[in-house]
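Engineer: So that we are looking at the same thing, I have put the structure below in structure tokens.
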């Protein structure tokens, strides 16, 4: 797992608090995530509904940031900004069900995106960062 740094957070109190959680939990978090990923998968890397277009031929995925990792990282991101709808998740789970620890992984994987959005767009994303940090601290 890539290490997450909080160095871009402008508020020093928040930056230090978040970095302390990551420093204290990083090794355990890596072991936990590794133990809950069966194999690497090719990921879109920025899979939210704004990067899916539709035409008469079906869906098109745009603006990829491709890498290999846990398949549930992409699925987690699909839930950040309103999701893809219940039918999408039912169809996904019918082919390859999400793991029993998916809800925990969702918070962890989305932490990266919430930190990024917090740095770029401000305090409206702080709540997502806080939720993710609480889960990281518990793993």
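Engineer: Hey, residue 119 hits all of (1) within 22 Å of residue 6 (Cα to Cα); (2) touching a helix residue (DSSP H, G or I) at 6+ places or on another chain (Cβ under 6 Å); (3) at pLDDT below 95 but one; which does it fall short on?
Structural biologist: Failed condition: (2).
Engineer: Mind checking which residues of region 42-54 are exposed (fewer than 15 other Cβ atoms within 10 Å of the Cβ) and under 17 Å from the mean Cα position of the chain (by Cα)? Even if it seems obvious, please write down each step before you answer.
Structural biologist: Step one: filter region 42-54 for residues exposed (fewer than 15 other Cβ atoms within 10 Å of the Cβ), giving 42, 49-50, 53-54.
Selection gives 42, 49, 50.
Engineer: Since residue 20 meets every condition but one in (1) more than 17 Å from the chain's Cα centre (by Cα); (2) touching a residue at least 24 places away in the same chain (Cβ under 8 Å), which condition does it not meet?
Structural biologist: Every listed condition holds for residue 20 apart from (2).
Engineer: Could you tell me which residue of region 50-64 is nearest to residue 79 (Cα to Cα), considering only residues that are out of contact with any helix residue (DSSP H, G or I) (no Cβ under 7 Å at 6 or more places or on another chain) and assigned to a strand (DSSP E or B)? Spell out how you get there, then give the answer.
Structural biologist: Here is the first cut: in region 50-64, the ones out of contact with any helix residue (DSSP H, G or I) (no Cβ under 7 Å at 6 or more places or on another chain) are 50-60, 64.
Narrowing the set further to residues that are assigned to a strand (DSSP E or B) leaves 52-55, 58-60.
Working: 52: 14, 53: 17, 54: 19, 55: 23, 58: 21, 59: 18, 60: 18 Å.
So, considering only residues that are out of contact with any helix residue (DSSP H, G or I) (no Cβ under 7 Å at 6 or more places or on another chain) and assigned to a strand (DSSP E or B), the one nearest to residue 79 (Cα to Cα) is 52.
Engineer: For residue 23, indicate whether it is part of a helix (DSSP H, G or I) and assigned by TED's automatic domain parsing to the domain that holds residue 129.
Structural biologist: Numbers: part of a helix (DSSP H, G or I): yes; assigned by TED's automatic domain parsing to the domain that holds residue 129: yes.
Here the answer is yes, as residue 23 does meet what is asked.
Engineer: Another one. Return a yes/no flag: does region 93-105 have any residue that is modelled with pLDDT of 95 or more, assigned by TED's automatic domain parsing to the domain that holds residue 20, out of contact with any strand residue (DSSP E or B) (no Cβ under 7 Å at 6 or more places or on another chain) and closer than 18 Å to residue 22 by Cα.
Structural biologist: Yes, some residue in region 93-105 is modelled with pLDDT of 95 or more, assigned by TED's automatic domain parsing to the domain that holds residue 20, out of contact with any strand residue (DSSP E or B) (no Cβ under 7 Å at 6 or more places or on another chain) and closer than 18 Å to residue 22 by Cα.
Engineer: If residue 9 meets every condition in (1) modelled with pLDDT under 95; (2) over 27 Å from residue 100 (Cα atoms); (3) exposed (fewer than 14 other Cβ atoms within 10 Å of the Cβ) apart from one, which number is that one?
Structural biologist: Just one mismatch for residue 9, condition (3).
Residue by residue, here is whether (1) at pLDDT 95 or above; (2) under 22 Å from residue 108 (Cβ atoms) holds:
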residue: 33; (1), (2): yes, yes
residue: 41; (1), (2): yes, yes
residue: 44; (1), (2): yes, yes
residue: 49; (1), (2): no, yes
residue: 70; (1), (2): yes, yes
residue: 79; (1), (2): yes, yes
residue: 90; (1), (2): yes, no
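The values are calculated or read from the model by the stated rules, or taken from the named source; none is laboratory data. From a predicted model like this one, the values you see are computed outputs, not experimental measurements. Here the Cβ is made from the backbone with ideal geometry for all residues, glycine too, and neighbour counts use every protein chain on show.
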